[in-house]
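Encoded as structure tokens, the structure appears first; notes follow it.
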Amino acid sequence: SGTPSAAGKELLLQQQPIDAKPVADVRESAEDGVDVTILGRIGGGTNPWVEGRAAFTIVDPKLEACQPGEGCPTPWDYCCVTDQLPKNRAMIKMVDAAGGTVEQDARKLLGLNELQTVVVKGKAKRDEAGNLTVLANGVFIVPDTKTK
């Protein structure tokens with residue numbers, strides 16, 4: 001994985017929050033504006049990143065990503081379970097003290113990669129369609145234990 005930038009290091013949590021809930025649970029229960037701690041894997045589209053912004057989508061850990069080498073060049077798009085994505089996906093936006101999205105690609109800012117598992121702390125933001133965005137002020141990158 002990449003190395004976070006100086007600004008990104010300030011957003012990285014040193015310890016894994018113990019109160020994290022998977023994406024689907026938070027999506028179902030979190031009210032607009034409440035503090036949430038959400039757990040998911042980076043993915044949910046062929047390109048889960050937002051260009052030039054510290055924003056990305058995460059998917060509930062219970063969904064299986066396709067395995068690399070199974071004729072799936074972008075396993076993080078969850079092409080095998082696309083129908084389940086809407087209820088199991090959330091947009092993460094890293095925000096600064098003023099509440100604006102940090103203007104640096106999340107891969108450079110935080111050293112993130114597709115399919116990494118992250119715990120994100122922030123405020124839930126709901127839209128009319130029920131989509132969940134987390135205005136995040138902290139991310140913990142869960143160490144990859146290479147188990148499925």
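The values are calculated or read from the model by the stated rules, or taken from the named source; none is laboratory data. None of these values were measured; they are calculated from a predicted model. Virtual Cβ from ideal backbone geometry, glycine too; neighbours counted across all protein chains shown. Note: areas computed on protein heavy atoms with side chains; ligands, DNA, RNA excluded. Shrake-Rupley method; radii C 1.70, N 1.55, O 1.52, S 1.80 Å.
Structural remarks
- Projecting the Cα atoms of Pro48, Gly71, Ala30 onto the charge dipole of the range 27-132 (Cβ charges, centred on the Cα centre) puts Ala30 farthest toward the positive pole.
- Using a simple spin-label model with pseudo-atoms 7 Å out from Cα toward Cβ, Glu128 and Glu51 lie 2.8 nm apart.
- Taking Cα centre as origin and charging only the Cβ of basic (Lys, Arg, +1) and acidic (Asp, Glu, -1) residues, the dipole magnitude of the range 54-125 rounds to 400 debye.
- Carbon/sulfur fraction of accessible area - the range 18-80, other protein chains in place, 1.4 Å, %: 50 percent
- Formal net charge of residues neighbouring Asp96 (Cβ-Cβ distance under 12 Å; K, R +1; D, E -1): 0
- Summed over the residues of the chain and divided among them, the accessible surface reaches 54 Å² per residue at a probe radius of 1.4 Å.
- Vicinal HN-Hα couplings computed from phi for the range 5-15 (Karplus, 6.51 cos²θ - 1.76 cosθ + 1.60; Hz; Gly/Pro x): 6, 4, 5, x, 4, 5, 8, 7, 7, 7, 10
- Gaussian network model of the chain, springs between alpha carbon atoms under 10 Å - residue of Gln104, Gln116, Gln14 with greatest fluctuation: Gln14
- Here the dipole of the chain is about 280 debye; that uses its Cα centre as origin and unit charges on the Cβ of Lys and Arg (positive) and Asp and Glu (negative).
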